[in-house]
Every structure is written in structure tokens, then in C-alpha cells.
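Step one of this worksheet: look at the structure below.
The values are calculated or read from the model by the stated rules, or taken from the named source; none is laboratory data. The model shown is predicted, which means the values in this text are computed figures rather than measured ones. Heads up, the Cβs are rebuilt from the backbone with ideal geometry, glycines too, and the neighbour counts pull from every protein chain shown. Each accessible area value is taken on the protein alone, full model and side chains, heavy atoms only, with ligands, DNA and RNA left out. Shrake-Rupley method; radii C 1.70, N 1.55, O 1.52, S 1.80 Å.
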Amino acid sequence: MIILDQISADLPAFRQAVLSRQAYRPLYVKIKLIYGCNLRCEMCNHWREQREAPLPAARLFELLDELSSLGCQKVHFSGGEPLLRPETPDLIEHAAGLGMRVTLTTNGTLLDKEMARRLVENGLRGVNVSIDSPDRKTHDRIRGLEGAWKKACRAVRLFRRYEHKGKLTIRINTVISQLNFRGLERLPELAQELGADEINLIPVDDHCGKHLALSRQHIEAFNAWLAPSISQRAAEFGIGLGENQGYPFGHTPQEGKRARRGEYALGWYENHPCFAPWTHSLVDYNGLVYVCCMTREQMAPMGDLKESKFQEIWNGPGYLAARGQMFPPELPSCRRCDDFLEQNRRLLELLQGQDSG
């Protein structure tokens, strides 16, 4: 992990920043390039809503310069569908040229040979392609477009074709819902067939409603049958599956109950801190800056890039207040977040190890 490696080499400074609630470095920044999308996914509102225009491309290039000067190590571009913005390949090239690792999440339906080659040659080092089922009809139903599965699978193959000497990590993102969970056993086979390196299993957000979220009985069935099968098959095929990632709903009945309520952190943040405000930032499509995706729901933005430089926001009162609310996190939305769970566990171990040393 880039963040862990950086902090391990700079642990006293990170510890001091945490204790003082002051800024450290935005090591990993997620940038939503656009709100719009070309699909009509069951679990997403992007196609149902109209939003204001995204941040101009010129400001995005400036932002990348600002992040690099602050020591940012990784930027992740997402949306909506980021390939709807014609500037995306150039933004990737600019960020990579500044020495940052660049990753991207895409539904894959807009990718052709030329775009795949260009993205990889411009410096893309990690890509998440959304594939919700090894079954074509299931994926197309979820994504609201006939032919979406075929195009997404082709995108994975194209990325593998143009990646060079193992420099591109290809991950399949799969949102788990009532619509697809029963058919996920063959997902590792599909990943191997397409040339993907990893699988990322993502429980559907609870805002999607009961018609999509797994029930208690569904979670019990997933843990009893699907989770061990997917984990075993992934290992057999050499497909990466993060620690405990095969069990996104937890291992025990108690953890399953929390997951049913959408508490995918499984109780961790009831007694432990989150270090995201010292290492991470989310830049929304309109230039508003948040600590992360989850705080966007329950916390005012830290600032607006149309009015301020990123450094001013990073060192500003909004972030200072947010850092003071993380011991443990006070926001209910934090209980639903597992994005930084493993990272936070390991960062806490580093800090505790320094204290004991």
C-alpha cells in the first residue's frame, strides 16, 4: 500500500500530525471527473438526476499540480463515467508525469482499442472495470443497457492486451445485490478468462432500498456457501482477493447483522479512529472537497476549488474540525464504510508500535 509505505518511512511526523489534529499529506486523492453516466444502473442515481457542469479541465490540471506539490502519491479518477470527459487521457498523462500513481474506475462500455492503448501509454497503472455478474443477462439487467456485459468484458481484455510488463493492475468491481449474488460463484473463472488480476466485492449501498440490499437470510447463504467458494476459486486461479474481501458481510452472525443494517465497518469505528482526514481527500465533480465519499452525506464540504487552492482547504478549519471528530468517528455514515478499514487497522498498529517502542 502506497500510504502505509510512505507513513512507515515518516512515522514521527505522521504521529505528530495526528496528535495535533493538523494536516499531514494528501497521499491519496479521489477525483470525480463527471456526474453523468451513459448507463442506467439499478443501484445508482447518476442517470436519474441532472447536476451542474463539472469543474473545468483547466482547473483540474492546476489541481494535479497542487496535489503533487503537497506530496500526493496516488490519484484515482472516477465519475459517473470518467471516459465521457474527453480530457481524461490527458489528465492521466499529466498526473503520471508528476510522479503520481494513477488509477481509474470505468464501466468499460466506451472503451475501444485506441482508447485502451492511449490510457495505458499515458501512464494508467490501475483500472477497475465494473462487471456485476459472470452472466451476461444479469449484468445487462443491472446496468440497464443490452450489450453492456460484452463491452465491459472486452474492455478488460483490451487493457490486458495493451498493458506493458505488468505495469497495469486490472480489477473487476462487482456490486453485490439481490439481483446477482446467487450467480457470483463463477466470478473468479471470468476474471481469469478475461485476464483480470483482482476481484473487488462491494455490498450495495443501503440507500438503494430493500429491493436490492441482501436480507439476513441472503447474507447467511452468502457466507455459508458463496464466500468460501469464491475465496477458494480465486486462490486456485491466482486472482487477487483482498484480506477478508471474500467475506464483505463479515464472518460471524453478529457481523452479518451489522452488515444487514449497512454497517460494513462491522463495529470497528465504535472504538477505533479513522485516519482518512490526514491522508485522503475526495474532490467532487463540481469542485467541492470532502474528506471522503461517506462524509459527503453528513458533513459540509471542506471547501470549493472554484474559490480556493487545495492547500488552503487541506489546512483549513473544515479539515481541522473533521480530524477532531475521528477518535472514534462521530458520523453515523462512518459505520457503513469499509473503504479504509484495513489501512486504518495497520496505521493504528504502526502508531501503537511506535508508542510501545
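Remarks
- Some residue of the range 150-159 being under 19 Å from the mean Cα position of the chain (by Cα), in a helix (DSSP H, G or I), modelled with pLDDT under 95 and not basic (Lys, Arg): no
- The range 295-304 - residue that is surrounded by fewer than 23 Cβ atoms within 10 Å (Cβ to Cβ) and hydrophobic (A, V, I, L, M, F, W, C) and, of those, modelled with the highest pLDDT: Ala300
- The lone exception for Cys274 - which of (1) closer than 30 Å to Glu312 by Cα; (2) surrounded by fewer than 21 Cβ atoms within 10 Å (Cβ to Cβ) it fails: (2)
- Taken as a whole, the condition of being in a helix (DSSP H, G or I), modelled with pLDDT under 95 and either open to solvent by less than 30 Å² (accessible area, probe 1.4 Å) or not polar (S, T, N, Q) (or both) applies to His207.
Matching residues to (1) among the basic types (Lys, Arg); (2) surrounded by fewer than 22 Cβ atoms within 10 Å (Cβ to Cβ):
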position	(1), (2)
Trp278	no, no
Leu282	no, no
Cys293	no, yes
Phe310	no, no
Pro317	no, yes
Arg323	yes, no
Arg346	yes, yes
Gly353	no, yes
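- Members of the range 50-96 found to be open to solvent by less than 20 Å² (accessible area, probe 1.4 Å), assigned to a loop (DSSP other than H, G, I, E, B) and under 17 Å from Ile2 (Cβ atoms), listed by number: Gly71, Cys72
- Residue satisfying condition, being touching a residue at least 12 places away in the same chain (Cβ under 8 Å) and of a type in the set (Gly, Ala, Ser), within set Ala235, Ala259: Ala259
- Filter result for Asp65 (closer than 21 Å to Gln343 by Cα and among the acidic types (Asp, Glu)): no
- The residues in the range 111-140 that are open to solvent by 60 Å² or more (accessible area, probe 1.4 Å), in a loop (DSSP other than H, G, I, E, B) and farther than 29 Å from Glu185 by Cβ can be counted, and the count is 1.
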